[in-house]
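Everything on this sheet refers to the single structure shown next.
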Amino acid sequence: MRATIDLNCDLGESYGAWRMGEDAAVLPLISSANVACGFHAGDPAVMRRTVRLAHAHGVAIGAHVSLPDLQGFGRRELRISADEAYELTLYQLGALHGFARAEGAAVAHVKPHGALYNMAARDPALAAGIAAAVHDFDPRLVLYGLAGSALPAAGAACGLAVAHEAFCDRSYEGDGSLSPRTQPGAVLDDPAVAAAQLLALVRDGALTARDGSRVAIRCDSVCLHGDRPDAASYARHLRAALAAAGVAVAPPRA
């Protein structure tokens, strides 16, 4: 059993009059916040508020960069080039940096969202474009990506610190990929099931896939989705499970 684990959450996903998640209640329970930068969700007011809250709670702030797809919440694949991946990453990272700097805080990491995350996990060229943008902006930033995929490999290749990420509220396929959301059981709604998966990742670096097979997963950080309607109670359940196992929560170190 490892002594610490990073618990990250996707936050700042409200937009205008539309409210998403329980950010204020979740932030005290996590170590890293991935803040939407306006492409899949979020707006300037929401970004500012989320950065301020994260900074007040001592939570590491990350840019949750996405494909430009507000209507689809960034979960629809769009065909983009490696150059476009570079540019949209740099643009969103710069926007969040502005709010962080105004609040006396700093951006610590970058994590792609939704379809962009999954595309970069499979496509080395897109992964390299994202990693290059992060490195050119600030080589001290940590790049988050699906464990064992092309994205953390691209980050390491250009000299970035990387966090191999696993998910406690999603099921996995036998090849180590996330189960498509269209499949039954892809989202783990029972927090007790998620806590058991979290502890398996922390204890064994492995989990049971949807087909019953055992899959090894490198785990530097574990994600909880903040768009869940029960995100705060879910997070409290996970923290209680970690505390009972003697595992502390802290962001990864660059």
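Every read-out reported here was derived from the displayed coordinates using simple, explicitly stated rules and does not represent laboratory data. In this text, all values refer to a predicted model and were calculated from it rather than measured experimentally. Glycine also receives a Cβ, built like all others from the backbone with ideal geometry; neighbour counts cover every protein chain displayed.
A cut-off of 5 Å between modelled amide H atoms, ignoring neighbours fewer than 5 places along the same chain, links residue 206 with 201, 217. State the dimensionless ratio Rg/Rh of region 57-116 (Rg: radius of gyration of Cα atoms; Rh: Kirkwood radius). Radius of gyration over Kirkwood radius for region 57-116 works out to 1.02. In whole percents, the pair-distance distribution calculated for region 1-144 from its alpha-carbon pairs, binned every 10 Å from zero, is 13, 45, 34, 9, 0. Under 5 Å from the amide H of residue 4 lie the amide H atoms of 248, each residue being 5 or more positions distant or on a separate chain, with H modelled from the backbone and absent for Pro and chain starts. Separation of region 141-161 and region 1-58 by C-alpha centroid, Å? Rounded to whole Å, the Cα centres lie 22 Å apart.
Derived scalar couplings between HN and Hα for region 210-223 equal 4, 8, x, 6, 9, 10, 7, 9, 5, 9, 9, 8, 10, 9 Hz in order, rounded to whole Hz, by the Karplus curve 6.51 cos²θ - 1.76 cosθ + 1.60 (θ = phi - 60°), x for Gly and Pro.
Ranked by how many other Cβ atoms sit within 10 Å of their own Cβ, fewest first, the residues 189, 169 fall in the order 189, 169. When the Cα convex hull of region 150-254 is projected onto planes of every orientation, the mean area is 7.2 nm². With contacts taken as Cα pairs under 8 Å at a separation of at least 6 residues, the chain carries a relative contact order of 23 percent. Taking 15 Å as the cut-off, the amide N atoms of region 93-122 that come nearer than this to a point 7 Å along the Cα-to-beta-carbon line of residue 136 belong to 93-95. For the pair residue 216 and residue 101, a Förster radius of 51 Å applied to the C-beta separation gives a FRET efficiency near 0.80, rounded to the nearest 0.05. The H on the amide N of residue 161, modeled in the peptide plane, is under 5 Å from the matching H of 143, each at least 5 residues off or on a different chain. Modelled spin labels at residue 183 and residue 48, positioned 7 Å past Cα toward Cβ, are 4.3 nm from each other.
Principal axis analysis of the Cα atoms in the chain yields extents of 41, 37, 34 Å, listed in decreasing size. Taking the Kirkwood radius as Rh and the Cα radius of gyration as Rg, region 104-188 has a ratio of Rg/Rh equal to 1.02.
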